[in-house]
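Report on the structure given below.
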Amino acid sequence: MDQKQKYNKLLLPIVLIFSVGFCALISRPKEISATLLTTQKTFLAGNEIALDFKLNMPAQTQLFLHTSLGATSITSENGRFIVPEFISRKKGHVDFQLYHNSERIFQGKINIKARNKGIKEIETYIGPTSIIAGGKDFTMHIVIPTDAYDNPLPDSTTVQLKHQFLENEKEKTLYSKDMIGWSAVYSYAKSGRMLLSSKVDQTTSKEHSIDIFPSLPEKFEITSQREHPYADGNQITTFTTSILKDEYGNSISDGTLVTFLIKDEKGLILRANGSTIHGIATGKILHPDHQSTWEIQAFVPGVAESNTIRLAYTSVLNNFKVAFTNNYRKITVGPILSFMEQLIPNGAIVKLKIFQNHAVHETKVKTSLDGMVIFELEEGFYASGTYDFEIETMGVEKTYTNIKLQ
Amino acid sequence: MRSRNKKIYRILIITSFIGVITLLLFGISQVLSYLNTGADRASMLHLPLVQEEVYLPKVIWKDTINPGRPIEDQTLKNIQKDYLNAWYVRQIAYQNYDASGIKDYYTESAQLPIFQNIEVNKEKEISIHSTTTNHNISVDFYSADGQLVVLTDKGVKEHQHVYQGEKLIFQTEFTSDYQTLLLLEDGFWRIRHIIKEANASNETVSTPLGIAKVVGDKIYVADQEYQVKGINYYPQKTPWAMYGDGFDIEVISQDFDILKKAGLNTVRIFIPYEDFGKARVQNTKLEKLQHLLDKANEKGLKVIATLFDFYGDYSVLDWTLTHRHAEQIVTTFKNHKAILAWDIKNEPNLDFESRGEENVLAWLKEMIIQIRKFDPNHLITIGWSDIKSAILLENNVDIVSFHYYMEIDDFEEHYLSLKSRCTKPIVLQEFGLSSNQGFWAPFGVSEKKQAKYHQQFQEIFRGRDIHFLSWTLYDFEEVPGEVVGSLPWRKHKQKHFGFIDSQGNKKPAFEFMTYH
């Protein structure tokens, strides 16, 4: 009994010690905390980035990385995290947060910078690719210098922009801003092709080209050519412009449309079009079929105009023969003779106007064949009675009144 | 025997004949309907595709003056559309590992790191549900040929919920600045470079007018301490469909008179999310709400307006749409004197199970931030359905609101325990008893019992100056299925919570709508 009590007495402190020990174990703070051992805040793109955390107890932790183009999470048992390549190669701020069992225990950020050596390529954008001569219009030469990992180089990177045009070769040095280096390249007085290139560090770009087109045409002259001055409705008159030039003396672009406006003495307007080749446009138009005087002016619509020229066309005939047969029911016109008393070329228009009681009954139109035109007035259509006739060709008119058809 | 056989044969022949005919007709009809199928005739009209709005963060164009060339409004619109689409397709890609949209909105060299990142996330089953809530964009450069633009987007607030498999591992948010270079390719403005930068912007918060404010655990309106004595209000004829064709301001006006006469000073109303037009709030609905608020102001009643009624998505990708919904309503009425508080959502804790507690809470938290930005003048609360949830987001709201439909005898104990843990004003936002004795509830509560219940509650309120809003003014003839489900005894119960019965007679409880 004594013995037992003695044991009990011994046991009690041991139990106490143990229980206190256990208490200490159980109540030991489970709070996990981390400190970042890596002091480097700025890294070069493409270099390995390792983030080392010191944890107050070993635990599995997750590092959440948030970048320009996305986010991911990596896990580590020992607090050392190697940032994946697709992140460490890209420029920009990277936010990171360390988690343990969904609890955030650390957060911070690092900055990844573009490499300034070993530039991979120079991306160039030039536009518009065609501009107008004269020094008012311009194109933009934009360069996006990037490093080997396609990161835009930082602001204030030196960019050399060059261009060549005819005998001019120019070079400009500038500093990039907002990822790009750019310059407005103005046109010269002459038209032609401009070549552009750029250089960043030791890397040079490809050759790029833009077209400088002539500017707008200035006032120009027109001339006319014709085979004869007769209004035969058969030959063609050709109008030709002088070489259309812009204010800098460049002949304007091929294919510019020129409109020739022709006004006769009655104010009727005829029109012919032509487009330029080597600065010259031609327009063609049939001679009138009656005596007329034309005023001709050419336009590049809305842009430029020519002088006005006048052309007079004289009538090819003064008179023509008309014969009535078959009780006036058959009317034979002709032979119609032209200016040299030759037969008028086929196709001359002859109009017959038939009046009854001073009102137009019908107008018949026929074209000549071998200088002749025949009109027949059938009984079924023209009851017997009194009619007036008016016959017209090549601007000459003849009238027959009180013709009795039977 | 023979005649029986004959009958059997006859029946067999007739049924097989009918069967064959049926099959034949069926076959012919199938062939005909197959031949009739084809392109939808409307497709001949080449109607433009209606793009469903899925992502509407707040975009502000800060400054479009740039050294390149002036930018046209139409171009700005196109850039904004494509730039936001670029964000959206990336969010989809990181959520579902579906990179199909990336090719449209990122140039080839910009796609590469995204694909690599998604590939890794897919391997590790990391899915990131994210959205951005605001963009403040300025144009740094726009090229002469209109093919290249550089933007700076400041203070981009990104919310991210990170899942490992099905499990949400954490939520986080970042505010960053981005500089972006976009190229116009094939009619799309595509991102060529996007660089995240440290956030240098600081949001300006407009100073509140202080139409209502909270100091300690007291509510103040126009610098006077305010004791909420209120009721949850629906017109009798149009419960849960207040802003439809049946909207009648005269009816509402008369009801407000009844409430005011009874000694109440506050009504709680509900603004249904879909009915109001989701992300594009309809003006007609806003006008009706305006009439109601003006009327309340005229009658001297304050309004607690409960937003997002019948809303239940909460997913991160849906956030921006709900932000636009709230923006349009809240900014319209930010100076309205009748409003006491915006109640973000009615009983959101009931969605914890189906939508995930973290999702619901994150949505609420961000919504509170958004609404405060749109309207710093009014208070904010959340109508929790039970007293246990009331303490959630206590630091984010101005007023702690909860609903109580449990035993009346336990109320004081529950209330005091909440009060001891909470420093903000507490509002009992819904309570009531249905006098539903009848066919569906033979042993239900009688109208007398209901009156007694309210009398008892009012005694408690008087003793402890408790802010209260009861449920509800009227007994309803019809209760829509979305409210309590389609079970008739449930509907029946919901029909009889009123102080005035469906015939318009005051029930005994009417006397105890408030204390004096």
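Here are the numbers for this structure:
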item	result
Accessible solvent surface per residue of chain B, calculated while the other protein chains remain in place, 1.4 angstrom probe, Å²	48
Relative contact order (percent, whole number), region B:37-196, Cα cutoff 8 Å, 6+ residue spacing	23
Three-way shape label, chain B, alpha-carbon gyration tensor, a/c 1.5	oblate
Geometric extent, Cα atoms of region B:385-431 - Rg, Dmax (angstrom)	10.0, 31
Estimated FRET transfer efficiency when R0 is 41 angstrom, pair A:Asp264-A:Ser209 (beta carbons, to 0.05)	0.25
Value of Rg to Rh for region B:268-316 (Rh from inverse mean 1/r over Cα pairs, i.e. Kirkwood)	1.04
Within the protein assembly as shown: Cβ-based charge dipole about Cα centre, in debye rounded to nearest 20 (Lys, Arg +1; Asp, Glu -1)	2140
Label point at A:Thr363 placed 7 Å out along Cα→Cβ; residues across region A:322-351 whose backbone nitrogen lies under 13 Å	A:350-351
Average projected area [Cα convex hull, region A:176-302], square nanometres	11.4
Exposure ranking of B:Leu56, A:Leu337, B:Leu350 by accessible area [1.4 Å probe, largest first]	B:Leu350, A:Leu337, B:Leu56
Over chain B: helical MRE at 222 nm, DSSP H runs n ≥ 4 each giving -39500 (n - 2.57), nearest 500	-11500 deg cm²/dmol
Buried accessible area, chains B and A (both chains, 1.4 Å probe, Å² to nearest 100)	3500
Of the GluC sites (Glu not before Pro) in region B:249-301, those whose Cβ has at most 14 other Cβ within 10 Å and which sit in DSSP loop	B:Glu274
Mean ellipticity per residue at 222 nm, deg cm²/dmol - from DSSP H runs of n ≥ 4 across chain A, formula -39500 (n - 2.57)	-2500 deg cm²/dmol
A:Arg226 accessible area, assembled protein chains, probe 1.4 Å, Å²	80
Estimated FRET transfer efficiency when R0 is 35 angstrom, pair A:Leu257-B:Lys77 (beta carbons, to 0.05)	0.50
Region B:256-317: chymotrypsin sites (Phe, Trp or Tyr not before Pro) falling in loop per DSSP and having at most 16 other Cβ within 10 Å	B:Phe310
Rounded percent of accessible protein surface that carbon and sulfur make up, the protein assembly as shown, 1.4 Å probe	52
Ratio of Rg to Rh over region A:71-123 (Cα coordinates, Kirkwood Rh, two decimals)	1.09
Positive-end residue of A:Thr124, A:Ala114, A:Ile144, charge dipole of region A:85-222 with Cβ unit charges	A:Ala114
Translational diffusion of the protein assembly as shown, µm² s⁻¹ [Kirkwood Rh, Cα pairs; Stokes-Einstein; 25 °C; 0.890 mPa s]	65
Proximal lysine pairs, region B:404-496, alpha carbons under 27 Å, eight or more residues apart or interchain	10
For region B:199-306: rounded, prolate or oblate by the Cα gyration tensor [a/c cutoff 1.5]	oblate
Complex-versus-alone comparison for region A:66-89, residues with a loss of 30 Å² or more in accessible area, probe 1.4 Å	A:His66, A:Ser68, A:Leu69, A:Ala71, A:Thr72, A:Ser73, A:Phe86
A:His163, B:His161, reordered so the largest accessible area comes first (probe 1.4 Å)	A:His163, B:His161
Share, in percent, of DSSP beta bridges within region B:395-516 that are antiparallel, nearest 5	20
Size-normalised alpha-carbon gyration radius of region B:142-273, reference 2.2 N^0.38 Å	1.84
Area of B:Thr423 that stays accessible when all protein chains are in place (1.4 Å probe, Å², to 10)	100
Solvent accessible area, Å² - B:Leu32, 1.4 Å probe, full protein context	100
Region B:456-516, dipole about Cα centre (Lys/Arg Cβ +1, Asp/Glu Cβ -1), debye to the nearest 20	160
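The values are calculated or read from the model by the stated rules, or taken from the named source; none is laboratory data. What you see is a predicted model, and the numbers here were worked out from it, not measured in a lab. Counting neighbours? That spans all protein chains shown, and the Cβs are built from the backbone with ideal geometry, glycine included. All accessible areas refer to the heavy atoms of the entire protein, side chains included, with ligands and DNA or RNA removed. Shrake-Rupley method; radii C 1.70, N 1.55, O 1.52, S 1.80 Å.
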